[in-house]
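Accompanying notes for the structure given below.
Please treat every number below as a calculation from the coordinates, not as lab data. Just so it is clear, the model here is predicted, and its values are computed rather than measured. Quick reminder, even Gly has a Cβ in these numbers, built from the backbone with ideal geometry, and neighbours come from all protein chains shown.
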Amino acid sequence: MKKIIITSLAILFLVCACKENSSTPSGSSNEIIPLKIGNIWNFKISEYDSKGNIINTSEMTYYVFKDSVIEGIKAYCMKFTTPFSEEISEYTYNKPDGYYTTYTIEGKVYHDWMYKYPGSAGDLFQSGEYTIKILSISESVSTPAGTFKCYKYHNIVELPSFVFLCPDVGPVKMEHYDYDNNGKLFLDARMELVSYTLK
């Protein structure tokens with residue numbers, strides 16, 4: 001079960017960013033997730049039981065590995081390394097309306113709009129088969145890496161998840177919920193930014 005939760009968090013970040021202190025990146029590129037080879041984000045993952053107790057912690061790294069041109073678009077290979085030594089990767093890119101992922105199935109190339117940016121609180125958009133809602137564009141989020149002013153995205157599904165992205169910093173936090181035996185929603189996993197390096 002632990003492997004499924006951690007792998008799910010990594011995939012939600014791939015498929016499903018605004019610093020408030022003096023370490024805000026200079027030369028802002030105005031991207032929701034900055035894409036340059038060598039950018040690295042390190043996370044702490046906490047798993048919870050239905051009573052709110054931490055039952056497991058682990059670490060995960062998210063990084064830009066290489067770039068490639070796909071259908072005339074410069075895309076970047078993003079990789080996750082999990083505690084199980086798995087590597088999950090996908091090509092991504094930024095456009096004026098947000099962050100996209102691209103993939104190939106049976107020789108056909110697909111492009112999915114992952115995160116609308118810029119946007120407004122209340123905006124809805126389709127990300128593949130999912131409907132995503134922007135709940136906030138200025139959510140204050142504190143993690144071991146600092147305090148960030150983030151866009152808060154809500155994946156509107158039966159089991160809700162929330163992704164917090166800080167423009168020009170990238171992924172800051174992700175929360176995933178599940179139902180207990182009584183049908184009550186509870187936080188079952190949280191991924192928080194511990195440190196990052198932007199090139």
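Computed log10 I(q)/I(0) for segment 102-162 at 0.20, 0.28 Å⁻¹: -0.83, -1.12, from the Debye equation with unit scatterers placed on every C-alpha and solvent omitted.
Compute the signed sum of charges (Lys and Arg +1, Asp and Glu -1) over the other residues within less than 12 Å, Cβ to Cβ, of Phe125. Combined, the nearby Lys, Arg, Asp and Glu give -1. Of the cross-linked pairs Lys74/Lys108; Lys44/Lys95; Lys74/Lys133; Lys95/Lys149; Lys133/Lys184, which ones have a Cα-Cα span greater than 25 Å in the structure shown? Violating the 25 Å Cα-Cα cut-off are Lys44/Lys95; Lys74/Lys133. The Rg/Rh ratio of segment 72-191, with both radii computed over alpha carbons and Rh defined as the Kirkwood radius, is 0.98.
Each part gets one Cα centre, and for segment 137-196 versus segment 45-99 those centres are 14 Å apart. Ordering of 140-146, 74-80 by packing is 74-80, 140-146, highest average first (other Cβ atoms within 10 Å, averaged per residue).
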